[in-house]
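The values are calculated or read from the model by the stated rules, or taken from the named source; none is laboratory data. Here the structure is a predicted model, which is why all the values come from computation and not from measurement. Every residue, glycine as well, gets a Cβ built from its backbone with ideal geometry; the counts of neighbours run over all protein chains shown.
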């Protein structure tokens, strides 16, 4: 048998082995969470992380809620301002249901953080907000009766502004799915061993935009309504704190 014939036989044998070798099945990643017998969407991993992190975080950076401390079961869009990596704690403690946090895509490439984000079924987003997958995943979760949370400023507020300009998305997702918005306002940047004031408003809906084909200007208007509502929350709380301080001064 010639060397060429031997090589040809070996190649044919290798091809046959490759054909018969079963391909590994890739596990399908489902972004949604099935409801339990009570109809609630609970994330065990999120509850585990909450039990692990929150007690230690509270010791270092204590916080107090002003407004409704619990959010009812069912779909909603949390909209929160952004100061630091631990800000997701504040929406998380308002419910024992799961929350899908929308986080910048870069975090999904960091070893430990990416593992944790996938365990709690986080949604990866581009910084510019032009990502159809984020919208589709958000729709899927909300229509399944679940909650999502996003930080529309798109980055951490490091300049001390009351609220950075919003990236598009929060209003559109809420309007298209008819899910209520739960605004959360961190009054000031949380600091070590100082009580942070976390403001929560009643859920509200942008019903005036439902079942309509919206222009870009109308969508911008809807986003601005959310932003102004959050700014009003801070303004009212500031006024309340000043009145409280003045009353103490008069008593003294």
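Which one of these is part of a helix (DSSP H, G or I) and surrounded by 17 or more Cβ atoms within 10 Å (Cβ to Cβ): 217, 223? Let's see the steps before the verdict.
Numbers: 217 fails: surrounded by 17 or more Cβ atoms within 10 Å (Cβ to Cβ).
It is 223.
Filter segment 38-71 down to the residues that are touching a strand residue (DSSP E or B) at 6+ places or on another chain (Cβ under 9 Å) and either farther than 16 Å from residue 200 by Cβ or assigned to a helix (DSSP H, G or I) (or both) and list them by number.
Once the filter is applied, which keeps residues that are touching a strand residue (DSSP E or B) at 6+ places or on another chain (Cβ under 9 Å) and either farther than 16 Å from residue 200 by Cβ or assigned to a helix (DSSP H, G or I) (or both), segment 38-71 yields 41, 43, 46, 57, 61, 62.
Right, residue 50: within 30 Å of residue 134 (Cβ to Cβ) and at pLDDT below 95 or not?
Here the answer is no, as residue 50 does not meet what is asked.
Among the residues of segment 236-244, is any surrounded by 15 or more Cβ atoms within 10 Å (Cβ to Cβ) and within 23 Å of the chain's Cα centre (by Cα)?
Initial filter on segment 236-244 (surrounded by 15 or more Cβ atoms within 10 Å (Cβ to Cβ)): 237.
Right, trim to within 23 Å of the chain's Cα centre (by Cα) and you get none.
Among the residues of segment 236-244, not one is surrounded by 15 or more Cβ atoms within 10 Å (Cβ to Cβ) and within 23 Å of the chain's Cα centre (by Cα), which makes the answer no.
So residue 229 clears everything in (1) touching a residue at least 40 places away in the same chain (Cβ under 8 Å); (2) closer than 23 Å to residue 136 by Cα; (3) assigned to a helix (DSSP H, G or I) except one condition, right? Which one?
(2)
When you go through 103, 92 one by one, which is the residue that is in contact (Cβ under 8 Å) with a residue 24 or more places away in the chain, touching a strand residue (DSSP E or B) at 6+ places or on another chain (Cβ under 7 Å) and within 19 Å of residue 31 (Cα to Cα)?
92
Which of the residues spanning segment 74-85 are crowded, with 16+ Cβ neighbours inside 10 Å and outside any strand (DSSP E or B)? Steps first, answer last, please.
Step one: of segment 74-85, the residues crowded, with 16+ Cβ neighbours inside 10 Å are 74-83.
The answer is 74, 75, 81, 82, 83.
All but one of (1) modelled with pLDDT of 90 or more; (2) in a loop (DSSP other than H, G, I, E, B); (3) surrounded by fewer than 19 Cβ atoms within 10 Å (Cβ to Cβ) hold for residue 127; which doesn't?
Residue 127 satisfies every listed condition except (1).
What number goes with the only condition from (1) modelled with pLDDT of 95 or more; (2) assigned to a loop (DSSP other than H, G, I, E, B); (3) over 15 Å from the mean Cα position of the chain (by Cα) that residue 97 does not pass?
Every condition holds for residue 97 apart from (3).
Working carefully through the options 149, 171, find the one that is outside any helix (DSSP H, G or I) and within 29 Å of residue 40 (Cβ to Cβ).
Going through 149, 171 in turn, the sole match is 149.
Scan segment 107-123 and give yes if some residue there is assigned to a strand (DSSP E or B), under 24 Å from residue 205 (Cα atoms) and within 13 Å of the chain's Cα centre (by Cα), otherwise no.
Taking every residue of segment 107-123 in turn, at least one turns out to be assigned to a strand (DSSP E or B), under 24 Å from residue 205 (Cα atoms) and within 13 Å of the chain's Cα centre (by Cα).
In segment 137-148, what residues are surrounded by fewer than 24 Cβ atoms within 10 Å (Cβ to Cβ) and within 11 Å of residue 98 (Cα to Cα)? Don't jump to the end; show me each part of the working.
Filtering segment 137-148 for residues surrounded by fewer than 24 Cβ atoms within 10 Å (Cβ to Cβ) gives 137, 139-140, 142-145.
Matches in segment 137-148: 145 only.
Within segment 31-47, which residues are farther than 12 Å from residue 146 by Cβ and under 17 Å from the mean Cα position of the chain (by Cα)? Step through it out loud before you land on a result.
Going residue by residue through segment 31-47, those that are farther than 12 Å from residue 146 by Cβ are 36-38, 44-45, 47.
Correct list: 44, 45, 47.
Which residues, taken from segment 58-69, are modelled with pLDDT of 95 or more and surrounded by fewer than 15 Cβ atoms within 10 Å (Cβ to Cβ)?
Matches in segment 58-69: 58, 59, 60, 62, 64.
If I go through segment 174-187 residue by residue, how many of them are touching a strand residue (DSSP E or B) at 6+ places or on another chain (Cβ under 7 Å) and either in a strand (DSSP E or B) or over 19 Å from residue 94 (Cβ atoms) (or both)?
Summing the residues that are touching a strand residue (DSSP E or B) at 6+ places or on another chain (Cβ under 7 Å) and either in a strand (DSSP E or B) or over 19 Å from residue 94 (Cβ atoms) (or both) in segment 174-187 gives 6.
Of the residues that make up segment 137-145, is at least one in contact (Cβ under 8 Å) with a residue 24 or more places away in the chain and assigned to a loop (DSSP other than H, G, I, E, B)?
Among the residues of segment 137-145, at least one is in contact (Cβ under 8 Å) with a residue 24 or more places away in the chain and assigned to a loop (DSSP other than H, G, I, E, B), which makes the answer yes.
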